[in-house]
Amino acid sequence: MPAAESLLSFAAASFVLLIIPGPAVLYIVNRSMSDGRPVALASVAGLEIGNLTHAVAATAGLSAVIAASATAFGVIKWAGAIYLVGVGLTTLIRQPDQVVLTVAHLPKRRAFTQGVIVNVLNPKVALFFLSYLPQFVDQTRGPAWSQALTLGILFVIIGSITDSTWAITTSGLRDVLLRGRSLTFVQRWVSGSVFVALGVLAAGAHRTG
């Protein structure tokens, strides 16, 4: 079990990372504005499964393997970049359907699945677990795997809180946007451009260590 000071420091760093807009936050905002709160919260559930995947991978020692392998890191980086750019281009090309307040535009299951993929392939989370989590593992305080798992679960809990807050807060703006033509513009051009930009930024991420 990590020391209390380590848990607090890791929690603070995780909170800062999670509230800074990145692929996960922007995905939540897009789902909140385009599809409403229930779908946004479904996407949050998927995002947290993605975070948990990184936590389990770190616990199993996969993070150390990736950190030592430029090829492995490149695969994750480019897979994430290609996915984000693909979502962005599809959004830009497709004409948005008419949004009805009482009907989810995107099925909850699909929003959940996309959320998992967004965070599993999220370089921001991968780099955090690769470069930051190992600093809080103290070999004098028990097995490394249990400490890594504890820190990973803490990250998921904090992510659940911050991501849900983004979803609940942003979805409150949906009705205002639906009264005008803003939502169509946001759905297609803003969302599409944001995803393409995120993909380009992800492709430029550098391996640490």
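The values are calculated or read from the model by the stated rules, or taken from the named source; none is laboratory data. Only a predicted model underlies this, so the values are computations on that prediction, with no experimental measurement involved. All Cβ positions, glycine included, derive from the backbone under ideal geometry; neighbour counts span all protein chains shown.
Residues being farther than 30 Å from Val196 by Cβ and of a type in the set (A, V, I, L, M): count how many of those fall in region 113-156.
Here is the first cut: in region 113-156, the ones farther than 30 Å from Val196 by Cβ are 134-154.
Then drop every residue that is not of a type in the set (A, V, I, L, M), which leaves 137, 144, 148-149, 151, 153-154.
Residues meeting the conditions: 7.
Out of the residues in region 128-170 meeting the condition of being in contact (Cβ under 8 Å) with a residue 40 or more places away in the chain and outside any helix (DSSP H, G or I), tell me which one is surrounded by the most Cβ atoms within 10 Å (Cβ to Cβ).
Val137
Out of everything in region 54-69 that is in a helix (DSSP H, G or I) and surrounded by fewer than 17 Cβ atoms within 10 Å (Cβ to Cβ), what residue ends up being modelled with the highest pLDDT?
The extreme case among them is Val56.
Mind telling me which of the residues Leu127, Leu154, Leu121 ends up being modelled with pLDDT of 80 or more and farther than 20 Å from Asn30 by Cβ?
Working: Leu127 fails: modelled with pLDDT of 80 or more; Leu121 fails: farther than 20 Å from Asn30 by Cβ.
Checking each option against the conditions leaves just Leu154.
Among the numbered criteria (1) out of contact with any Asp or Glu (no Cβ under 8 Å at 6 or more places or on another chain); (2) within 20 Å of Trp145 (Cβ to Cβ), which one does Ser6 miss?
(1)
So is Leu106 modelled with pLDDT of 70 or more, under 29 Å from Gly36 (Cβ atoms), outside any helix (DSSP H, G or I) and of a type outside the set (S, T, N, Q) or not?
Values: modelled with pLDDT of 70 or more: yes; under 29 Å from Gly36 (Cβ atoms): yes; outside any helix (DSSP H, G or I): yes; of a type outside the set (S, T, N, Q): yes.
When the stated conditions are applied, Leu106 passes them.
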